[in-house]
Every structure is written in C-alpha cells, then in structure tokens.
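K.L.:
Mind having a look at this structure? Questions to follow.
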Amino acid sequence: MGEILEKLAMPLPDIRMLPSVEARLIIAFRVAVMASRNNYDCWDQLSARLGGDRATTRILIVAETIGFAWPEPFQIGRPCCSLTTPDEIWLLAAIRLAACENRPGFDTLSCEMIGDGARERIYNDLRNFVGVYTDTRG
C-alpha cells in the first residue's frame, strides 16, 4: 500500500522533461482535441507535427475514439502548458504498448476504466496511428 501512495504523491512530469517524441505527441493530441472542441481546422499544424496526412487522420480518429470511450472527460492540458495530466501520461503508456504490440499490457493498463469493446477499438486505433506516425524531428 505504501508504494501506491508513494506513486500517487509523485508529481506528473513536466512536458519539457519528456523525450521530444513524447512531448510532440502530447502537444499534437492537445491540438487535435482543442480543434475538435472548437471546430478549428488544425490539419496543416498536425500534419507538420506528425509527419503527414495519414498520421493526422489517425490521431484525430484516436482522439474521437477516446473521447467517446472515456468514462469522464479526457483531461488534457492547454497546448502551451508544460504540466502533463494523468490522462496524457496514460496516453503515452498506451501508445508505447500499442507500438510494442503488447495487447495484454494495454488491457491491464485500461481494463478498470474502459469496457472490452471500447478498449479493442482504442487499441486498434492506436496501432493504426503508430503504423503511420513518423518522428520527423528525431
């Protein structure tokens, strides 16, 4: 029990301390969600950030899928904010697991929050995103 409380007391990482690819993914996701909420065309910005139109399409699908499946509003920071949210850290972990094709790990990460059908869709959408994402900035 002490280990769990210790983890809960740890501050979330500052986006500037994350590896650059992870920081870019969080910011891209923030932009996608904010644009969706405000009916703003973010296509060019996301395409430049993610390395192409296919990745842009896939991140927008991921944002929509998570938005429908999440049990409460998915918490994201403002695009300019350096603080991360627990949901953004979950997203990074989910992307890592999808990139490694670790479905059991993804299920363990998500099973308490998301039902089987929604979890299946999120995992598949993340795999599709990972398959076309190109880290254009090394």
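The values are calculated or read from the model by the stated rules, or taken from the named source; none is laboratory data. Just so you know, these numbers come straight off a predicted model, no measurement behind them. Counting neighbours? That spans all protein chains shown, and the Cβs are built from the backbone with ideal geometry, glycine included. The accessibility values were calculated without ligands, DNA or RNA, using every heavy atom of the protein model including side chains. Shrake-Rupley method; radii C 1.70, N 1.55, O 1.52, S 1.80 Å.
K.L.:
Out of Gly51, Gly105, which single residue is at pLDDT below 95 and not aromatic (Phe, Trp, Tyr)?
P.N.:
On inspection, the qualifying residue turns out to be Gly51.
K.L.:
Cys80 passes all but one of (1) hydrophobic (A, V, I, L, M, F, W, C); (2) surrounded by fewer than 15 Cβ atoms within 10 Å (Cβ to Cβ); (3) in a helix (DSSP H, G or I); which number fails?
P.N.:
(3)
K.L.:
Restricting attention to the stretch 38-56, which residues are part of a helix (DSSP H, G or I) and open to solvent by 50 Å² or more (accessible area, probe 1.4 Å)?
P.N.:
If the condition is that a residue be part of a helix (DSSP H, G or I) and open to solvent by 50 Å² or more (accessible area, probe 1.4 Å), then Trp43, Asp44, Gln45, Ala48, Arg49, Asp53, Arg54 are the ones that fit.
Every residue, every condition in (1) closer than 16 Å to Leu25 by Cβ; (2) among the β-branched types (Val, Ile, Thr); (3) in contact with a Cys (Cβ under 7 Å, 6 or more places away or on another chain), yes or no:
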residue: Trp90; (1), (2), (3): yes, no, no
residue: Glu101; (1), (2), (3): no, no, no
residue: Thr108; (1), (2), (3): no, yes, no
residue: Cys111; (1), (2), (3): no, no, no
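K.L.:
If you don't mind, another one. Does Ala35 meet the test of being assigned to a helix (DSSP H, G or I) and modelled with pLDDT of 90 or more?
P.N.:
No; evaluated as a whole, the condition is false for this residue.
K.L.:
Still on this structure, I have one more. Among (1) assigned to a helix (DSSP H, G or I); (2) out of contact with any Ser or Thr (no Cβ under 8 Å at 6 or more places or on another chain), which single condition is Pro71 missing?
P.N.:
(1)
K.L.:
Just to be sure before I move on: is Pro104 touching a residue at least 24 places away in the same chain (Cβ under 8 Å) and open to solvent by 50 Å² or more (accessible area, probe 1.4 Å) in the structure I sent?
P.N.:
Answer is no for this residue.
K.L.:
Now for a separate question. Among Arg119, Arg54, Arg78, Arg58, which is charged (D, E, K, R) and touching a Lys or Arg at 6+ places or on another chain (Cβ under 8 Å)?
P.N.:
Result: Arg78 is the single residue among Arg119, Arg54, Arg78, Arg58 that is charged (D, E, K, R) and touching a Lys or Arg at 6+ places or on another chain (Cβ under 8 Å).
K.L.:
Among (1) open to solvent by 30 Å² or more (accessible area, probe 1.4 Å); (2) more than 21 Å from Leu12 (Cα to Cα); (3) modelled with pLDDT of 95 or more, which single condition is Tyr123 missing?
P.N.:
That leaves (1) as the condition not met.
K.L.:
Hey, another quick one. Could you tell me which of the residues Leu60, Leu109, Leu97, Leu91 is within 17 Å of Ser20 (Cα to Cα) and either part of a helix (DSSP H, G or I) or open to solvent by less than 30 Å² (accessible area, probe 1.4 Å) (or both)?
P.N.:
None of the other options fit; the residue is Leu91.
K.L.:
Which of the residues that make up the stretch 13-32 are more than 19 Å from Gly67 (Cβ to Cβ) and either part of a helix (DSSP H, G or I) or in contact with a His (Cβ under 7 Å, 6 or more places away or on another chain) (or both)?
P.N.:
Ile15, Arg16, Met17, Ser20, Val21, Glu22, Ala23, Arg24
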